1. Give region 165-184 a look and list any residue that's open to solvent by 70 Å² or more (accessible area, probe 1.4 Å), touching a residue at least 24 places away in the same chain (Cβ under 8 Å) and part of a helix (DSSP H, G or I), or say none.
2. Regarding residue 77, is this residue open to solvent by 70 Å² or more (accessible area, probe 1.4 Å), of a type in the set (A, V, I, L, M, F, W, C) and in contact with a Lys or Arg (Cβ under 8 Å, 6 or more places away or on another chain)?
3. Please count how many residues of region 87-109 are open to solvent by less than 30 Å² (accessible area, probe 1.4 Å), touching a Phe, Trp or Tyr at 6+ places or on another chain (Cβ under 7 Å) and either in contact (Cβ under 8 Å) with a residue 40 or more places away in the chain or in a helix (DSSP H, G or I) (or both).
4. Mind checking which residues of region 7-36 are within 16 Å of the chain's Cα centre (by Cα) and surrounded by 13 or more Cβ atoms within 10 Å (Cβ to Cβ)?
5. Please verify whether residue 55 is farther than 22 Å from residue 177 by Cα, at pLDDT below 90, open to solvent by 80 Å² or more (accessible area, probe 1.4 Å) and in contact with a Lys or Arg (Cβ under 8 Å, 6 or more places away or on another chain), treating the condition exactly as stated.
Amino acid sequence: MRGLAYMHDNNRLHQSLGPFSVMLNTISEREGRYLIPRLRDLAFSVDVSYSELEEDPRSLADGLWRRATAAGAFTRMEKRAFAIADDIYEAGLLFAYMAFVPFCEAGAMDGLALQVTYSPVFFLDHKIQRLLENTFQLDLEATREYCMEDDRLAKAVEFLDLGDGAGWELLQAMLNADFRKRPIAQAVLNHRFMTGDVL
């Protein structure tokens, strides 16, 4: 999130956040305190500086512009706000992935979607996305209730329940269907779940 906040502060969008977009310097639990995650996979990164938007309205991907218009963003500034919020949405899906996959029992996520793909990580990432978007239509309270009924998902629920549900609260904000209500990256960083205040 610090990397995404830095990018947004410098008028750049990532536009391709997911498990493959984060590089770790270690995977050893003993070296956890020295863990440094870095963003990568910047092939779809775009400049959303005000001057760039005024000079070349096609600086964002056409698909992003279409999604922005469909969401009710018509001016260049609204489209810029949508694009930044779109990165936050992708970060929310990544957050969900990071909350569920490591804390769930092996194979727990396998039955949650019927998508077929060749990459297991891609598969799990999109299972979680489909669960949140299609099955529960971004209703995180319903998602939580569903997950509570499956003992294999209990640790993920407990993790997101820290601080009286602070994880669910943050996830709901990041995945808000209304892009105007999503927090900016710095607000995500300052959220009590991210600062560790809930521990």
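The values are calculated or read from the model by the stated rules, or taken from the named source; none is laboratory data. As the structure is a computational prediction, the values presented were derived from the model and not from experiment. Ideal geometry is used to build each Cβ from the backbone, glycine not excepted, and the neighbour counts take in all protein chains shown. The area values use the complete protein model at the heavy-atom level, side chains included, leaving out ligands, DNA and RNA. Shrake-Rupley method; radii C 1.70, N 1.55, O 1.52, S 1.80 Å.
1. Hits for region 165-184 are 169, 180.
2. no
3. 1
4. 7, 8, 13, 14, 15, 16, 17, 18, 19, 20, 21, 22
5. Taking the combined requirement at face value, the residue does not satisfy it.
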